[in-house]
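For reference, the structure discussed in these notes is given below.
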Amino acid sequence: MGYLSQSALKNLKKYSYKGVDESLVSRYLLTPYWNWFIKLWPLTIAPNTITLLGLCIVLFNILTLLYYDPLYLTEKDGASGPPQWIYFTWAIGLFMYQSFDAVDGKQARRTGMAGPLGQMFDHGCDALNTTLEVILASRALNLGRSWWTVASQIATLANFYLTTWEEYHTGVLYLGVFSGPVEGILMIVIIYIITGIFGPTFWDQGFLTFTCLDRIPQVVQHVPNIGLNESFMVFGAFALAFNIISSYRNVIRATKATGRSSLKPLIYLLPFVVSVTFQILWLLSPSYQDSAIIHSPLFLPFLCAWGLQFAHQVGRMILSHVASTPFPMWHSMWIWSVIGVIDAQLPVLFDKPSLIQSTPKRTAVFIYLTLAISFFTYARFCALVIRDVTEFLGIACFTVRKKDAEGAWRDVRDIQQDGYVKRL
């Protein structure tokens with residue numbers, strides 16, 4: 001027996017994707033472009049390959065950040081930062097990622113490769129991209145090493161988790177009038193472009209100053225003149241609140257239609273709350289004002305490890321959805337996180353020095369070890385799931401091939417619907 005049980009594998013054949021997209025931008029602006037863009041791809045390219053190529057573009061953007069700003073310092077910290085033209089490449093990279101992510105499903109239908117594997121692979125890449133774009137966008141907004149970047153990470157991951165949680169309980173992927181995959185991505189693209197024109201310090205100017213509302217005494221008395229970057233974070237908090245209400249409304253509607261409890265699904269939000277709590281407690285060492293991780297070069301690898309753990313968490317959620325298995329409430333990486341948290345908080349809890357993270361060097365070793373273990377566990381999960389699904393369904397992951405009636409791998413174009421080879 002592999003990673004998936006036989007019953008779970010059999011359930012994969014019953015899965016069918018259902019989605020609702022209410023975005024006007026998607027319907028009237030992007031869909032015509034996507035319909036043109038998909039025609040540029042030959043039928044020999046597998047849909048998962050398109051998805052992976054899109055993620056590779058974003059990874060290249062991350063590499064440019066590491067090359068020009070390896071310490072993840074902002075101009076406020078005295079760093080020169082990446083040259084402004086780099087932000088235009090980030091805008092192009094994210095827009096191309098969105099384009100690749102939008103047409104991989106169309107390519108799956110064109111090539112006859114549509115199925116649960118593509119759904120899981122697509123969501124997995126989206127989950128990774130979520131953290132990567134938080135890192136890039138926070139740098140473009142001149143936030144860098146700050147609790148604002150942590151808040152952005154939490155809000156962005158929460159939105160993604162909510163969407164996956166909602167899909168698990170409703171069986172439908174809902175994209176509202178304003179959604180992260182459409183309007184959210186375009187908003188970040190615009191941020192990159194503005195930063196490329198004016199520089200990251202543009203976002204430090206006060207919101208009231210920028211909007212000239214500071215000329216109104218009544219406004220100044222009641223509204224703080226926070227920076228544009230911080231205002232963007234406040235907007236994100238309101239968007240998160242709206243998405244929570246909207247997602248739960250859809251879940252209530254779906255559960256009532258099938259006679260299920262509308263309160264039980266709330267329990268399945270706890271895994272995200274638990275994981276975020278661990279990360280925050282870890283970052284609070286030794287104090288909120290003087291976090292040993294946030295205010296050091298370790299902040300970037302910490303965020304990457306967090307992102308990998310999150311991708312693993314939602315990957316198991318998506319797998320449970322398509323395979324109709326119980327919701328994953330437990331994550332093995334919590335054990336490692338608890339060790340990191342307790343060790344970092346030993347001075348506060350027991351008035352004793354940390355055993356593992358006792359020096360900056362040992363802390364760095366532990367954080368990078370956390371990153372390596374997070375990567376290994378997630379990569380192992382992906383490899384095992386891909387192996388089980390491809391072998392059981394007889395469909396390749398990165399090539400346009402399926403198994404014929406005799407169990408031999410053939411090009412999809414060589415197999416007729418009755419399973420016999422048409423061209424040898």
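Bear in mind these aren't lab numbers, they're just calculated from the coordinates by the rules spelled out. Keep in mind that this is a model prediction, so the values were computed, not measured. In this analysis, Cβ positions are derived from the backbone assuming ideal geometry, glycine residues included, and neighbour counts consider all displayed protein chains.
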Work out which helices of the chain, taken as complete DSSP H runs, extend at least 27 Å along their axis over the Cα atoms and score a mean Kyte-Doolittle of -0.5 or more, then list them. 47-68, 85-111, 116-140, 147-170, 228-257, 299-322, 360-393
Percent of alpha carbon pairs in segment 261-331 separated by more than 20 Å? 42 percent
Sorting SER7, SER262 on the 10 Å Cβ count, fewest up front, what's the list? SER7, SER262
Apply the a/c threshold of 1.5 to the C-alpha gyration tensor of segment 221-305 and tell me whether it is rounded, prolate or oblate. oblate
More than 21 Å apart: what percent of Cα pairs in segment 1-151 qualify? 56 percent
Rounded, prolate or oblate: which fits segment 325-424, taking a ≥ b ≥ c as square roots of the Cα gyration tensor eigenvalues, rounded meaning a/c under 1.5, else prolate when a/b beats b/c? prolate
Using a 10 angstrom cutoff on alpha carbons, build the Gaussian network for the chain and name the most mobile of TRP36, TRP334, TRP90. TRP36
Plugging the Cβ-Cβ distance of LEU384 and LYS76 into 1/(1 + (r/R0)^6) at R0 = 41 Å yields, to the nearest 0.05, a FRET efficiency of 0.40
Reachable lysines from LYS10, criterion Cα separation under 18 angstrom, eight or more residues apart if same chain: LYS402, LYS403
Of VAL25, TYR15, ILE367, which is farthest on the positive side of the dipole of the chain, counting Cα position, with +1 on Lys and Arg Cβ, -1 on Asp and Glu Cβ, and the Cα centre as origin? TYR15
Most mobile of ALA108, ALA408, ALA155 in a GNM of the chain (Cα contacts under 10 Å): ALA408
Three-way shape label, segment 86-164, alpha-carbon gyration tensor, a/c 1.5: oblate
Fewest to most Cβ atoms within 10 Å: HIS331, HIS312 sort as HIS331, HIS312
Considering the chain as a Gaussian network with a 10 Å cut-off on Cα pairs, which listed residue, TYR268, TYR28, TYR72, attains the greatest mean-square fluctuation? TYR28
Please compute, for the alpha-carbon atoms of segment 120-180, the extent along each of the three principal axes and give them in descending order in Å. 39, 22, 18
Once both labels are modelled 7 Å past Cα along the beta-carbon direction, what's the TYR288-SER324 spacing in nm? 4.8 nm
Less than 13 Å from a label point 7 Å out along the Cα-to-Cβ axis of ILE190: which backbone N atoms in segment 205-233 qualify, by residue? 232
Taking only the alpha carbons of segment 236-388, what extent do you get along each of the three principal axes, in Å, biggest first? 56, 40, 28
Using only the alpha carbons of the chain, determine the length spanned along each of the three principal axes and report them from longest to shortest in whole angstroms. 74, 52, 49
Stokes-Einstein D for segment 165-280, Kirkwood Rh over Cα pairs, 37 °C, 0.692 mPa s (µm²/s): 188 µm²/s
Return the inverse of the average 1/r over all pairs of distinct C-alpha atoms in segment 150-192, which is the Kirkwood hydrodynamic radius, in Å to one decimal. 11.3 Å
Considering only DSSP beta bridges where both residues belong to the chain, give the percentage that are antiparallel (nearest 5). 65 percent
Mean ellipticity per residue at 222 nm, deg cm²/dmol - from DSSP H runs of n ≥ 4 across the chain, formula -39500 (n - 2.57): -20500 deg cm²/dmol
When MET120, MET96 are ordered from fewest to most other Cβ atoms inside 10 Å of their Cβ, what list results? MET96, MET120
